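Structure first, commentary second.
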Amino acid sequence: MTQEKKNGKIIAIITMIFLFGMISFVTNLAAPMGIVLKNQFDVSNALGMLGNFGNFIAYAVMGIPSGILLQRVGYKKTALIAVAIGFIGVGIQFLSGHSSPEMAFAVYLIGAFVAGFSMCLLNTVVNPMLNKLGGEGNKGNQLIQVGGSFNSVMATITPMFVGILIAGSIEKATISQIFPVMYTAMAVFAFAFFVLLFVQIPEPNANASTEPIGKLMKGALKFRHFVLGAI
């Protein structure tokens, strides 16, 4: 392996670890945002947590399509699509802070769902990609553990970060006070996109499937443990 390829691989590994953290960062942003939404728009707790619900319902809706996309276009393209969608999702949430009071809540919920779609795609691709970049085997699994640890750290930091930004009574907090979090998320997504675009990523399944989508979906349902686990 040339020095240039080795350096590119190291950058790709670091980017994947950061994406592990971004999954947790964006997902856990929904909970404190729910409290901000509840107070800013004077809605019930249930409506305030719709952003959290929208983020996670995207997993149920997009889980199987994510797997199909991964098989059809490969790991690198799937990761690029996921990162681009993540940027768009957080961007829509950012726009909710500039929307009219009548539209802001709905705009935020749309952004939460789009961001959830991205997180679903990233969850599908980052684990096997990081394992492959690490050379598979024990080293690859160790890198996954590093990524998982960073994911957990970000889950702890995100609510604290939001609390620091509010720096006062949460009852008076607004979406606009959370903008620095969104700037950070969009910057990381943009950086990750360009890194993935220019770095060569090994493809575990280089040959794209030519099977119809319906057949691919039925194939997953043939596994009894998968069905029971889903239920």
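The values are calculated or read from the model by the stated rules, or taken from the named source; none is laboratory data. A quick note: this is a predicted structure, and the numbers were derived from the prediction, not measured. Backbone-built Cβ (ideal geometry, glycine too); neighbour counts: all protein chains shown.
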**Prompt:** Consider MET1 against the criteria (1) in contact with a helix residue (DSSP H, G or I) (Cβ under 7 Å, 6 or more places away or on another chain); (2) at pLDDT below 80; (3) of a type in the set (A, V, I, L, M): it satisfies all of them except one. Which criterion is unmet?
**Reply:** (1)
**Request:** With respect to LEU121, determine if the residue is of a type in the set (A, V, I, L, M) and under 19 Å from ALA30 (Cα atoms).
**Result:** yes
**Request:** Residue by residue through the range 143-167, note down the ones that are of a type in the set (S, T, N, Q), farther than 30 Å from GLN40 by Cα and either surrounded by 13 or more Cβ atoms within 10 Å (Cβ to Cβ) or within 17 Å of the chain's Cα centre (by Cα) (or both).
**Result:** SER149
**Item:** Among the residues listed as ALA187, ALA115, ALA192, the single one being of a type in the set (A, V, I, L, M, F, W, C), in a helix (DSSP H, G or I), modelled with pLDDT of 80 or more and closer than 21 Å to TYR59 by Cα
**Value:** ALA115
**Message:** Quick check on the range 201-231: of everything there that is closer than 22 Å to ILE10 by Cα and surrounded by 11 or more Cβ atoms within 10 Å (Cβ to Cβ), which residue is modelled with the lowest pLDDT?
**Reply:** ASN205
**Item:** Tabulated pairs, the range 175-198, first on the phi < 0 side of the Ramachandran plot, second basic (Lys, Arg) and surrounded by 13 or more Cβ atoms within 10 Å (Cβ to Cβ), C-beta under 8 angstrom, 6+ apart or interchain
**Value:** LEU196/LYS76
**Item:** Residue pairs meeting the criteria (Cβ under 8 Å; at least 6 apart or on separate chains; first without any contact (Cβ under 8 Å) to a residue 24 or more places away in the chain, in the range 131-153; second among the charged types (D, E, K, R))
**Value:** GLY140/LYS132
**Pair list, Cβ under 7 Å, 6 or more apart: the range 50-67 residue among the acidic types (Asp, Glu), other residue surrounded by fewer than 18 Cβ atoms within 10 Å (Cβ to Cβ) and not in a helix (DSSP H, G or I)** = none
**Asked** Can you pull out the residues in the range 70-97 that are within 30 Å of THR174 (Cα to Cα) and either in contact (Cβ under 8 Å) with a residue 40 or more places away in the chain or in contact with a His (Cβ under 8 Å, 6 or more places away or on another chain) (or both)?
**Response** ALA82, VAL83, ALA84, GLY86, PHE87, GLY89, VAL90, GLY91, GLN93, PHE94, SER96, GLY97
**Request:** Could you check how many residues of the range 39-88 are under 25 Å from VAL199 (Cβ atoms) and of a type in the set (Gly, Ala, Ser)?
**Result:** 7
**Prompt:** Can you tell me which residue in the range 62-110 is surrounded by the most Cβ atoms within 10 Å (Cβ to Cβ), limited to those that are out of contact with any Lys or Arg (no Cβ under 9 Å at 6 or more places or on another chain), of a type outside the set (A, V, I, L, M) and at pLDDT 85 or above?
**Reply:** GLY86
**Asked** Considering only the range 36-61, how many residues are assigned to a helix (DSSP H, G or I), of a type in the set (A, V, I, L, M, F, W, C) and more than 20 Å from GLY91 (Cα to Cα)?
**Response** 4
**Prompt:** Is it the case that ALA104 is under 19 Å from TYR59 (Cβ atoms), of a type in the set (A, V, I, L, M) and in contact with a helix residue (DSSP H, G or I) (Cβ under 8 Å, 6 or more places away or on another chain)?
**Reply:** no
